[in-house]
Every structure is written in C-alpha cells, then in structure tokens.
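Engineer: Submitted below is the structure of interest, expressed as structure tokens.
The values are calculated or read from the model by the stated rules, or taken from the named source; none is laboratory data. Fair warning: this is a prediction, and the values are worked out from it, not measured in the lab. Using ideal geometry, Cβ is built from the backbone for each residue, glycine included, and neighbour counts are taken over all protein chains shown.
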Amino acid sequence: MPFTCNVRKRMAMLVLPLSSNSSAACTFKKLNKLHKIQRKLPHLKMALRFFSLTLRPHMCRIQQRTPNHGLQLKNILQLQSRLSVLQWEQISLLHVRITDQDAGLQTKREANRPTNPFHDTILDEDPRRQFPERAHRNKFKNSNHFEKETEKQEKVERKQQKETVTNFGDPDTFGDAKISSTQPEDPGDAQEEEFISRPTRHSRKLRTKEYARMIKEHLNARRINDAIAVLEVRMLREDRVKPENYIYNLLISGCAKAGYTRKAFRLYTKMRQHGLKVTGGTYTSLFNACANAPSQVDGLSKARQLRENMLEKGYEPNLKNYHAMIKAYGRCGDIETAYMLADEMLDRQLPLNAESFNFLLQACASDEKNGFRHALLTWHKMLQRGISPDYYSFNNMLRCVRDCGFGDLESMQQVLERIAPGVASGELPAGKEKQLESTPADSLSIAPRSGEVNQLELSTQPTEQLELPNLLLPRPQLGSVVALAEVTRPHERFLLLGGITGYLELMKVHNVTPNIEFFTTMLEVVPPTNAAEKQVLSFVRKIGLKADIDFFNILIKKRSMRFDYESAREVLSMIRTAGLKPDIVTYGVLALGCRTQEQARELLQQMKEAGIRMNMPILGAMLRQGCAQKSFAYINEIMQLCLEEGIKPNESFLRHLYNFHRGCARAIDARHPSTKTEGFKKGHSKFCDKYRLFYEEYGLTGLKLEDAIAKLKPRAYEQYTEDPVSGQEPAKHEQVKRKTKLRKYIKKIKINELQDGPQLSDPVKRIE
C-alpha cells in the first residue's frame with residue numbers, strides 16, 4: 001500500500017506541470033527522470049502505460065500551440081523508445097557473450113539439442129515479457145475501443161505464457177538418463193506393465209459357487225486342463241479373484257481321479273502359499289492322487305512326503321484319511337506300510353469296515369509273487385471280525401487270483417494251518433505250532449514263518465454242498481487232493497476258491513449280485529475251455545444282465561491267446577447277434593490270433609472299412625505272431641506299416657525285434673541247418689536292411705536296447721500337457737470316451753449251439 005501511494009504521488013508531480021503549458025525542455029528532463037525510475041523499478045510498467053495514455057491529449061495541445069516544440073517532443077519520444085530497446089538488446093547480448101560465447105557453451109548446446117530428452121522452450125529474457133502482468137482497465141477511459149484492445153492484448157499475453165511452459169520430459173525418467181532403442185527390456189518390467197495396462201477383467205465377476213459349477217462341468221467331461229484354466233486363467237488373471245479352499249479342494253480331487261499327481265501337489269503348494277486352510281478332504285484327495293499316479297515310484301515318494309508333513313503338523317487322520325493312505329501305499333507296492341496303517345487304526349480304536357479290508361485286498365493285488373496268500377489271510381481276518389464281504393471284496397479277490405501267486409509252499413502251508421487248522425496231512429512240528437499260536441488274533445500282520453515242506457497234500461473230505469475246495473468259506477472245505485506245487489496259473493488258483501459255481505454260491509450267501517464287469521473279470525480266471533466260457537455265458541443270460549463290447553473282447557482274447565482263431569471269429573457273430581459293434585480293442589485282440597500274413601492283411605482291411613486306424617498294440621500283436629512263426633516277410637511288412645503310418649514303437653515292439661534279430665544271429669553262428677537254405681539267406685538279408693532302416697528313421701542307430709527304449713518311452717505326465725488327439729480311432733477319441741458304452745441282452749445268442757471244444761486247424765505253413 002505505501003508503495004502504491006508513492007507511485008501515485010510521483011505521477012501527479014509529472015502530470016500537473018504538463019497540464020499548465022510547461023516548456024518542452026522541462027518535459028524532456030522529466031522524461032529522463034521517469035526513465036531512471038523505470039530502470040530502478042521494473043514494476044512501474046503499468047503505471048507508465050497509464051501515464052502515456054494520460055500524456056497523449058496534453059501533447060496534442062502543445063503541438064497545436066507550438067508546432068516546433070511538438071516536432072521536438074515527437075523526436076524525443078521516438079528516441080526514448082529506441083533507447084529502451086537498445087538497452088535491453090545490449091543487456092541480452094552482454095548475457096549471451098558472458099555465459100555462452102565466451103565459455104564456448106553455445107556450440108555444445110546446439111550439438112546436444114537433438115539428443116536431449118528434455119525439450120525446453122527458451123524463455124524470453126525480457127522481464128517485461130517473462131512476467132506479464134494482468135492489464136487493468138483504465139478507469140479514466142470507458143470507450144469500447146479501449147476495452148477491445150485490452151482484451152486482445154490479454155489474449156496475446158496468455159498465449160505467450162502458455163508457450164513459455166517448460167517441457168521436462170518423462171516424469172518417470174530420473175535425471176538426464178537417456179533410453180536407448182537397443183537396450184534390452186527387463187522381462188519383469190514388461191510383465192508388470194502388461195499386468196497393469198490390461199483391464200481388470202474381460203468378463204463379469206462371478207461368485208464362488210458359479211466358478212465351482214464351471215469346474216465341475218469340465219471335470220465331469222474329463223477336461224482336466226480346462227478345469228485348471230478356470231482357476232489359473234479366469235479367476236487369478238482375468239477376474240483377479242482370491243479363490244477359496246473349496247475351489248482348490250475341487251481341483252485337487254479332479255487331478256487325483258485323473259492321475260495328474262504332480263499338478264495336484266502343485267495346487268496343494270499354492271493353497272498353502274495363499275494361506276488357505278488345509279482340511280481332511282485335502283489330504284484324502286492328495287493320497288488318492290498318489291494311488292492313481294502313473295509311476296509307482298513317484299506316487300510312493302509323494303505319499304511318504306505327505307505323511308511326514310501330516311506328522312510334523314500334528315494332524316490326526318480320520319477314517320477316510322486312513323483308507324486313502326492304505327489305498328496309496330497298497331497300490332504303490334508298499335504292502336507292509338498298508339497293513340501297519342491298519343494296525344494303527346486298531347490302536348486308535350477306529351472301526352474297521354468292509355471298505356478298509358477292500359483297500360487291503362487292493363494292496364494284496366499289487367504283490368505279484370505273494371498276493372494270493374496275503375488275500376486269503378485278509379479275507380479270513382475280515383470274517384473273524386464279523387464283517388460281511390461286499391461286491392468289491394469279491395471283485396478284488398478275483399483280481400488277486402488273476403494277477404498274484406501264493407509264493408513258496410512252506411508259507412502257503414502256514415496260511416492253510418491258520419485259516420483251516422488240521423486240514424494238512426500229518427502233524428506240524430511242535431515249534432511251528434507255538435509260532436502259530438503266538439500270533440495275536442487282532443493283528444493284521446501277514447509275514448509268514450518259514451517251514452520245511454516241499455509239497456502239500458490236502459486231505460480228501462467230500463462235502464455235500466461243494467465238490468471243489470473253497471478256501472473262502474469261514475471253515476474251508478477241501479473236497480479233493482490238491483498238489484499245490486502244480487498250482488501256477490490263474491484258473492488253477494480259481495479252482496481253490498470253488499470255481500464258477502462255488503464262487504457264485506458264496507456271493508449269493510452274502511447277498512451280493514454280480515454285474516457284467518464282474519463276469520468280465522471272471523472270464524479271465526475261468527479254465528481256458530469253451531465249456532467254461534459257455535457256462536459263464538449261461539449265468540449272464542440267467543441273471544438277465546446286459547453285455548457290453550468289453551465282455552466279448554475278453555472272450556476273444558482268451559481264445560486268441562490259446563491260438564483258437566476260429567472260435568475267436570465265432571465271437572464276432574455273437575457280437576452282431578447281440579446288436580453291438582466292434583471297437584478298436586476288438587480288432588486288437590483279434591490281432592493276437594493272426595498267425596499268417598494273409599490273416600493280418602484281412603484284419604487290416606476290415607479295420608480300414610470300419611474307419612478304424614491301426615495303433616501300436618495291434619501292430620505289436622501281429623509282430624509277435626510273425627516272430628513266433630519266423631516269417632521274415634510278415635515282420636518286414638509290419639515294420640513298413642509302422643513307418644508309413646508314423647506310429648512310434650513301444651517297449652514290447654522293440655524287444656520283439658531285438659530278440660528276433662539276436663536269435664537269427666545266434667542260429668547263423670551255430671550253423672543251424674535251417675540257416676543254410678536260400679530262402680533263409682534271402683529273407684534274413686532283407687530283414688537286416690529293413691531293421692537298419694527302421695532304427696535310422698526313429699533315430700536309434702548305435703543305441704543299445706535299453707537306451708532306445710528310454711528314448712522312445714513316453715513321459716509320465718506327457719498326456720496331460722498335450723491337446724486331445726482328434727484322430728480316426730473312435731475308442732481313443734476324447735468325445736467317445738465320455739459316452740456310456742452300449743449294452744445289450746444276449747438272449748438271442750444260442751449258447752447250446754456253440755462249440756464245446758477248440759477245433760484244431762491245419763498246420764500253418766511257414767512263409768519265407
């Protein structure tokens with residue numbers, strides 16, 4: 001406020017003398033004084049502007065009265081404007097000369113200007129333009145012309161002020177750092193930029209139940225990768241939703257059923273990293289994943305690791321957890337741990353039911369050497385505890401009969417003494433009786449004691465109910481003398497359980513009704529005769545069951561394995577009579593009986609007409625027959641088909657070729673008479689050339705057999721990472737797998753008219 005008053009006083013002192021007709025010389029002096037004030041006080045610019053406007057009418061009067069003085073005043077004003085401009089130019093030149101030209105910075109500035117990321121606008125160094133002040137309206141002049149000029153001048157000053165704003169470049173760039181186009185971009189920064197730049201979600205955010213419904217639909221359709229994508233892509237990436245433990249448990253359960261063990265444990269790790277609660281159902285699904293693992297070694301290692309994790313956390317397993325653990329250890333081959341877990345359940349007073357013993361029977365089925373003996377002990381332990389066997393118990397026992405033996409005779413004798421004391425001929429040694437008596441009744445231990453019996457002769461006590469022995473009864477009945485040393489095949493072990501009639505009668509006692517899957521398994525353990533197979537067909541029709549194509553495939557397999565190819569062809573007519581259609585498995589089991597090259601060609605032609613593409617099991621079955629018949633032409637044609645169709649050989653295919661090639665070489669070295677014929681020499685030469693070409697095509701040249709098998713062996717989890725195959729194999733297509741297999745009644749099949757025994761065909765001629 002004092003400064004403004006002082007300015008007004010000075011302006012009044014300058015204006016009053018001019019209004020009283022003062023001379024031009026006095027005016028010049030006052031203007032010089034005013035110029036000094038202007039240099040000292042830059043902020044008087046606006047005041048000088050008002051002063052010049054006020055001075056204009058007085059100067060007009062002076063020019064009218066004194067023309068000479070007016071001319072002088074005009075020159076004086078022009079000189080004043082020139083002096084002010086000249087002074088500012090001198091100041092700017094002086095500034096540039098000192099800072100840029102003298103120091104040599106102007107050249108460097110011009111050279112660095114194209115590469116400088118900060119494109120600064122050079123400000124005008126005139127302080128009157130650098131700091132424009134807002135023009136106020138002249139209160140002494142109210143004309144419209146004055147207002148328009150003032151508004152135009154304000155617009156120009158605003159525009160200049162906008163242009164003088166400095167552009168400091170990218171605010172994220174520190175200092176004068178420069179970004180090069182050749183500099184590699186950090187992948188982490190690129191991923192972060194992509195995550196931030198893309199929209200939060202492309203679809204509507206759903207609730208947990210809706211996500212779970214989508215996952216269930218994929219799992220029911222066996223699209224395990226699509227189900228996992230709902231969590232990893234839709235929820236976490238697109239919708240950015242934090243999943244609950246229910247979602248993880250659902251996916252872990254789906255991976256466990258599909259056998260995708262590795263992914264199940266990865267989801268379990270992610271679940272713990274998110275801080276979600278691990279429940280008992282999670283552990284159950286993980287142990288089920290171990291049980292269904294494609295590799296027993298991988299499944300067993302993960303099961304042991306998971307059990308140690310449970311013990312470290314102090315988690316007490318429940319009944320379902322124990323069942324899943326027994327199932328996992330049993331299927332992976334660790335039978336001792338499976339029975340130890342069963343004893344642990346008894347110690348913790350958890351009830352043992354039929355499901356518990358069914359999982360123990362599954363564990364017995366994994367032991368090919370002693371599984372049948374373990375199964376008998378487990379069966380009678382179940383009966384001693386008053387537990388009635390169910391459908392799965394009988395089905396698991398059939399699997400043990402089919403896949404397992406009973407070990408050495410001494411151990412089998414001890415088992416018979418435990419389940420049926422006194423049935424063996426002769427008395428046991430006193431020490432052995434004490435060992436049997438010392439075994440606790442509640443224990444489920446299966447480790448037998450050693451004995452000294454070479455062959456076991458069972459007493460003959462015919463019974464009224466059963467003619468054959470049945471070791472599954474609570475009190476086993478032995479109806480005939482059995483030399484256990486000769487019991488080595490599945491159908492012989494099945495006769496120890498009562499045969500077809502005795503086994504079905506025992507199921508009837510326990511109110512268990514068999515289905516078509518049960519009879520399909522029974523076909524594999526019945527005696528390899530047409531009479532026994534007709535008996536199974538009679539029971540299927542008597543019970544009123546519908547048969548599917550798998551039942552007839554097993555029937556064809558049994559007849560083809562005993563080289564009864566005519567009877568196997570008879571099953572094809574039975575399939576057509578029942579109203580069913582052959583699938584790729586049907587042609588695979590028919591290939592087991594193709595002993596000649598003509599039969600193989602005929603089968604391949606039928607497959608081509610049916611639109612079914614050949615696969616490695618079919619070619620492997622034909623190669624097996626060709627090697628057995630020692631037909632070079634047959635073997636060469638199979639290898640050529642394998643190369644033309646682009647089918648990768650498996651382990652059994654390579655082993656058959658290697659053994660045949662080595663056998664031929666040994667026969668030649670031994671100078672066998674059959675190797676000296678012209679046909680053998682010519683066929684062997686062609687086989688060696690084809691064999692060498694076959695190895696070259698698959699990149700196996702120079703590799704040993706085991707190395708070649710390891711190179712072509714598929715990875716354990718490769719099937720889950722690849723897209724579903726959409727080939728021409730209907731039974732292998734993913735869409736066909738999800739459909740329920742067609743089943744038909746077999747009432748139209750005339751079982752009595754079927755052949756009772758195999759008809760011997762003519763001797764097969766060797767094809768050179």
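Engineer: Restricting the search to the range 266-292, which residues are in contact (Cβ under 8 Å) with a residue 40 or more places away in the chain and hydrophobic (A, V, I, L, M, F, W, C)?
Structural biologist: Quick first cut of the range 266-292, residues in contact (Cβ under 8 Å) with a residue 40 or more places away in the chain only: 280, 283-284, 287-288, 290-291.
Phe287, Cys290, Ala291 - these are the residues of the range 266-292 that are in contact (Cβ under 8 Å) with a residue 40 or more places away in the chain and hydrophobic (A, V, I, L, M, F, W, C).
Engineer: So Arg601 passes all but one of these: (1) under 26 Å from Tyr745 (Cβ atoms); (2) charged (D, E, K, R); (3) at pLDDT 90 or above. Which condition number does it fail?
Structural biologist: Unmet condition: (1).
Engineer: Here is a follow-up. If you take the residues in the range 244-262 that are in contact (Cβ under 8 Å) with a residue 40 or more places away in the chain and assigned to a helix (DSSP H, G or I), which one is surrounded by the fewest Cβ atoms within 10 Å (Cβ to Cβ)?
Structural biologist: Going through the qualifying residues, I end up with Arg262.
Engineer: Go through Ser538, Ser573 for me and flag whichever is within 22 Å of Ile746 (Cβ to Cβ), small (Gly, Ala, Ser), surrounded by fewer than 18 Cβ atoms within 10 Å (Cβ to Cβ) and modelled with pLDDT of 90 or more.
Structural biologist: After ruling out the rest, the residue left standing is Ser538.
Engineer: Which pairs do you get when a residue that is without any contact (Cβ under 8 Å) to a residue 24 or more places away in the chain, found in the range 590-603, comes within reach of a residue that is in a loop (DSSP other than H, G, I, E, B) and of a type in the set (A, V, I, L, M, F, W, C), reach meaning Cβ atoms under 7 angstrom, with the pair 6+ apart or on two chains?
Structural biologist: Short answer, once both residue conditions are applied: Leu603/Cys594.
Engineer: Starting from the range 232-243, keep only residues that are farther than 15 Å from Arg207 by Cβ, then list their pairs with residues that are buried (at least 16 other Cβ atoms within 10 Å of the Cβ) whose Cβ atoms are within a distance under 8 Å, requiring at least 6 positions of separation or different chains.
Structural biologist: Leu236/Pro243
Engineer: Of the residues Glu524, Glu492, Glu517, which single one is charged (D, E, K, R), surrounded by fewer than 21 Cβ atoms within 10 Å (Cβ to Cβ) and more than 19 Å from Asn395 (Cβ to Cβ)?
Structural biologist: Testing whether each residue is charged (D, E, K, R), surrounded by fewer than 21 Cβ atoms within 10 Å (Cβ to Cβ) and more than 19 Å from Asn395 (Cβ to Cβ) leaves just Glu492.
Engineer: Regarding Lys242, is this residue at pLDDT below 95 and under 16 Å from the mean Cα position of the chain (by Cα)?
Structural biologist: The answer is no for Lys242.
Engineer: Could you list all residues from the range 263-322 that are more than 19 Å from the chain's Cα centre (by Cα), assigned to a helix (DSSP H, G or I) and of a type in the set (A, V, I, L, M)?
Structural biologist: Of everything in the range 263-322, those that are more than 19 Å from the chain's Cα centre (by Cα), assigned to a helix (DSSP H, G or I) and of a type in the set (A, V, I, L, M) turn out to be Val297, Leu300, Ala303, Leu306, Met310, Leu311, Leu319.
Engineer: Additional query: Only one of Asn309, Asn318, Asn353 is under 27 Å from Val512 (Cα atoms), at pLDDT 90 or above, among the polar types (S, T, N, Q) and surrounded by fewer than 16 Cβ atoms within 10 Å (Cβ to Cβ); which?
Structural biologist: Asn353
Engineer: Moving on. In the range 538-589, which residues are closer than 19 Å to Thr521 by Cβ, more than 42 Å from the chain's Cα centre (by Cα) and without any contact (Cβ under 8 Å) to a residue 40 or more places away in the chain?
Structural biologist: Phe539, Lys542, Ile543
Engineer: Which condition number does Gly679 fail, the rest of (1) within 46 Å of the chain's Cα centre (by Cα); (2) loosely packed, with under 15 Cβ neighbours inside 10 Å; (3) in contact (Cβ under 8 Å) with a residue 60 or more places away in the chain being met?
Structural biologist: Failing condition for Gly679: (1).
Engineer: Continuing with this model, one more query. Going by the conditions given, is Lys327 in a helix (DSSP H, G or I), among the basic types (Lys, Arg), farther than 22 Å from Asn245 by Cβ and at pLDDT 90 or above?
Structural biologist: Answer is yes for this residue.
Engineer: Counting just the residues of the range 374-424 that are touching a strand residue (DSSP E or B) at 6+ places or on another chain (Cβ under 8 Å) and in a helix (DSSP H, G or I), which one comes out surrounded by the fewest Cβ atoms within 10 Å (Cβ to Cβ)?
Structural biologist: Ranking the candidates gives Glu417 first.
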